[in-house]
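S.K.: Shown below is the structure under consideration.
The values are calculated or read from the model by the stated rules, or taken from the named source; none is laboratory data. Because the structure is predicted, anything quoted here is derived from the model rather than measured. FYI the Cβ positions are ideal-geometry reconstructions off the backbone, even for glycines, and counts take in every protein chain you see. To get the accessible areas, we keep the full protein, side chains included, count just its heavy atoms, and leave off ligands, DNA and RNA. Shrake-Rupley method; radii C 1.70, N 1.55, O 1.52, S 1.80 Å.
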Amino acid sequence: PRDADSRRTSFDIGSRHASRAFSFESADEPHDETTIEDLEDFEGFSFAQEQVREQEQEQEQEQEQEEEQEEEQEEEMELEKAVKRASEAPLEGKYAREEEAPRPWKFSSLDQPEMSSNDGNMKDPPPFYALREFSVNKGVLQKSSEPLQQLPPYLLMSQNYYRHEWRFTSVRRLKNIICFLEWVPNKDHLPRHELPVELTEQQARCLKEVFDLYDTKGQGEVKGEELRILLRALDLDEAAQDTLLKEGAAFTFEILKKEFETQSLYRMQQGRYFVGLSLDEAEHFRGSLHLMAGKQKRHRTKTTEEAAGGTSLLSETCGLALRCLGNLESALDNSLLDEYGPVSNSVEMTCQLQVAEQCYRFANSQVDFQGRDFNILLRALQSATVEERLKWWSDLRSFRRRAQGSWESLPLAGLFIKENEYESLAGRALLFRLRWCCAGLRLGSADFFKALDSKTSGRVERWQLAKGLEWLGLQRLGETDVGRWQKQVQNLFAIFDPDSTGTFTLEQFKAGMEMSEIDTTAVPAMSVPNLSSDSEEESGSEEEEIDVRVKAATSLAAFLAQNAAPTPVRPTLNLADCQRIDNGRFKMYWEKTSHFSLVWSTSGTLSERNISVWATQDAFTDGIARLSLGHVLSASCSRSLKALAFKVEDRDRTKWIGKTGRPDEILHFVEHFFPQPASFRQIWRQVDRRPLYVWEPIPPSENFVAVGMVCTTSETEPKRTEVRCVPKVWVQRVDERRLVKVWSQDVGGTPASFWGAAQEQRHSSALQCSDALFWVSAAAAAHIPPNLLALPTEEFAAREVAG
């Protein structure tokens, strides 16, 4: 509007006020006033006037377009806000609000001096119930959700937070648990609390692998600094590590197994409880603690009466601590608000508190559980199945102001996939041993990486890492099964390759191999396999250490060179053979077929869109070859699929009269022009209850390209027979205006978008693509359209190939 006003002010010749005067100033001539009637005598004035009118019309149209765009942007912003509000809202329904007033209870009921931890009986107990009994009314015929019975028994919930009877009577919106109480009714009755866990044969075997990797001396026990690192892997903090090391602890495998079967390693206590409180309840509770602390300070030598109730203070054996989850999740990193009595000074380790903190966050339907927090929660819930965990968490989330979308890409997703912690422990144990081996050999991360990078490409593949581990002798430690060894290497490789690219860089390797100064100084010197005996002695001077490092790197490089993966023969193409012709013996075209099998789909998940991936296999029948150029993405979850497949036809074999071609000649043609890939590179993965791994075929030479991708439901690389590459000279880049984002995953994890080409270009914005080859862009390039390549849609032919 500002530009339009200025334009109208400076030049309004085409207005109705034709007699309006305009001034033209010149530096050399005096100011003159000229009317439009005078200007009409000038030559070409009519033409200039018409030009001005056209300019004004264009300016007005531009202004109208700008206003329309602004209105559309405002509407989109409002729509996005509405969608966000809706996504973060609880499920629609009629929520009851009656009888929500807090019910008072006697503060003195927390004091239970006569309670014995053997029976847990209390006299006039406070209004608490077990968190494992907590469930909500779902509003369907007054049916309540299933409680999570496997939650630790020492976690409680106050009736003022959620009345236990509401699960049968009314639908209620859930509020967050802001504060919780740590409660010790009687500090004189705090025996060890054991939670029996029965290990399966596979879990015991995995635990044995962990033990053997930490038993660096092969003496059948783990102690000293090795034990400290093992305890750290089991998520014990430094104070707990120091406690066990001061006791002179040494773990044999039987001791470690017993610690896992009883969970006694974490020194939990019977008679120590944690209670989720309502916010109103927590406010009054904090005031009571302050009042009691003040009276205790003034009357340390005698019992005083409380102002409110006239009852005596709590006995010296009762301890209370008010804690806040918000403090834990902030920079404070400590949930404690106030405490009174023997709470902190009666605890052996803080593991029980850490379990309570993560379980209450889980009950709050939180999603950000990573690293140590995730491990603690997984260990606390390992007795529950993944289905039971997901059901309880989803039911509670549906009655909270939370995003109600799919959980698959959330940081929490691993809790609904991993049954227990044993595989993760095995991967961390192998990483520990790799760190110690490199440090013992005085091999820095850069030295070891350079030795692994036998192709000098700046990236290390999985087979190279596996060979490096074998050279260090790590495959022999407690595990001879080839399948288990490959699984261990895969788990370790994932630590260095978090983006699932199929390789890792030096920076990624350094990040995974980083060791603390304490760990580095504790590493003993190690002998180097396949080196002369003089290098096996502990190095002393700097020159000797350099010599050991050089010999180790040289030995590893030689080992990798001897055991390198065989280099495949790189196929070549003669450009003359690749000329497309209208008529030739071998005809190529696209044709619909129903020969597709389902690979993966979103059916039965919480995904907002129906998506499925289908595969076809190469088939040779009577002179016609059906080829797989990649998997097909469909925007539906139907039981069958009929889509376009690429075919090659030998006309000498398919003509009705005078068949002359041999059956093997079409196979020779296909192998020449459509070779299988040399390998695959993992582009993206979604690890959840229904995992999906997307792979890009790596062409066998620069003469070929891939026009589609391949998906698997496991981390195992696809077979080369899954897809074929095509000659580069036959493809063309798909116009970006035809690209359609069929599906995307943006919530948590690595973002990714699935792209396809619309069958025909339209000027409408509603381009659609389904049942076609696809391409995936991930990570930082997730929303950038890829350079999608495609074969011609029309029929064409090629010459015969000699030989």
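S.K.: If R₀ is 45 angstrom, what is the calculated FRET efficiency for the pair Cys637 and Lys94, using the beta carbon separation as r and rounding to 0.05?
M.R.: Taking R0 as 45 Å, the efficiency between Cys637 and Lys94 is 0.90.
S.K.: Rounded, prolate or oblate: which fits the stretch 147-274 when a ≥ b ≥ c are the square roots of the eigenvalues of the alpha-carbon gyration tensor, with rounded for a/c under 1.5 and prolate only if a/b beats b/c?
M.R.: On the way: a/c = 2.85, a/b = 2.04, b/c = 1.40.
Note, shape of the stretch 147-274 comes out prolate.
S.K.: Now, a different point. Give Lys592/Lys719; Lys143/Lys257; Lys258/Lys510 a once-over and call out the pairs whose C-alpha atoms are over 30 Å from each other.
M.R.: Details: Lys592/Lys719 25 Å; Lys143/Lys257 42 Å; Lys258/Lys510 35 Å.
Exceeds cut-off: Lys143/Lys257; Lys258/Lys510.
S.K.: Further, regarding this structure: Please report the net charge: other residues with Cβ closer than 12 Å to the Cβ of Leu644, K and R +1, D and E -1.
M.R.: After counting each charged neighbour, the total is +2.
S.K.: Here's something else I'd like to know. With each pseudo-label sitting 7 Å past Cα toward Cβ, what's the Asp124-His164 distance in nm, one decimal?
M.R.: 1.9
S.K.: Right, here's the next one. Give the calculated FRET efficiency between Arg737 and Ala250 to the nearest 0.05, with a Förster radius of 60 Å applied to their Cβ-Cβ distance. Walk me through the numbers before you get to the answer.
M.R.: Numbers: r = 69 Å, r/R0 = 1.15.
Taking R0 as 60 Å, the efficiency between Arg737 and Ala250 is 0.30.
S.K.: Could you pull out which residues in the stretch 175-190 have an amide N less than 18 Å from a spot 7 Å beyond the Cα of Thr243, following the Cα-Cβ vector?
M.R.: Those under the cut-off are 182-190.
S.K.: Per residue, how much accessible surface does the stretch 163-202 expose to a 1.4 Å probe? Answer in Å², no decimals.
M.R.: Working: 2120 Å² over 40 residues.
Solvent-accessible surface per residue comes out at 53 Å².
S.K.: Starting from the 7 Å offset along Cα-to-Cβ, what nm value, one decimal, do you get for the label separation of Val52 and Arg580?
M.R.: 5.6
S.K.: Give me the one-decimal nm value for the distance between modelled label points at Thr262 and Arg205, 7 Å along each residue's Cα-to-Cβ direction.
M.R.: The modelled label-to-label distance comes out at 2.7 nm.
S.K.: In whole Å, how far is the Cα centre of the stretch 591-627 from that of the stretch 213-267?
M.R.: Spelled out, the Cα-based centre of one part sits 51 Å from the other.
S.K.: Further, regarding this structure: Could you work out how much longer the chain between Lys455 and Ser144 gets when fully extended? Use 0.36 nm per residue separation minus the Cα distance between them, nm to one decimal. Walk me through the intermediate numbers first.
M.R.: Working: separation 311, 0.36 × 311 = 111.96 nm, distance 6.06 nm.
Going from the current span to full extension adds 105.9 nm.
S.K.: Need the full-extension length gain, Val729 to Ile784, defined as separation in residues times 0.36 nm minus the C-alpha distance. One decimal, nm.
M.R.: Values: separation 55, 0.36 × 55 = 19.80 nm, distance 2.49 nm.
Using 0.36 nm per residue and subtracting the Cα-Cα distance, I get 17.3 nm.
S.K.: How much net charge surrounds Gly630 when only the other residues with a Cβ under 12 Å from the Cβ of Gly630 are counted, with Lys and Arg +1 and Asp and Glu -1? Working shown, then result.
M.R.: Working: positive: Arg724; negative: Glu696, Glu722.
After counting each charged neighbour, the total is -1.
S.K.: May I ask which of Lys467/Lys551; Lys642/Lys728; Lys187/Lys246 have a Cα-Cα span longer than 22 Å here?
M.R.: Lys642/Lys728; Lys187/Lys246
S.K.: Which FRET efficiency value, to the nearest 0.05, is calculated for Glu66 and Ser744 with the Förster distance at 30 angstrom and r the Cβ-Cβ distance?
M.R.: Numbers: r = 30 Å, r/R0 = 1.00.
Step by step, r from the Cβ atoms, then E = 0.50.
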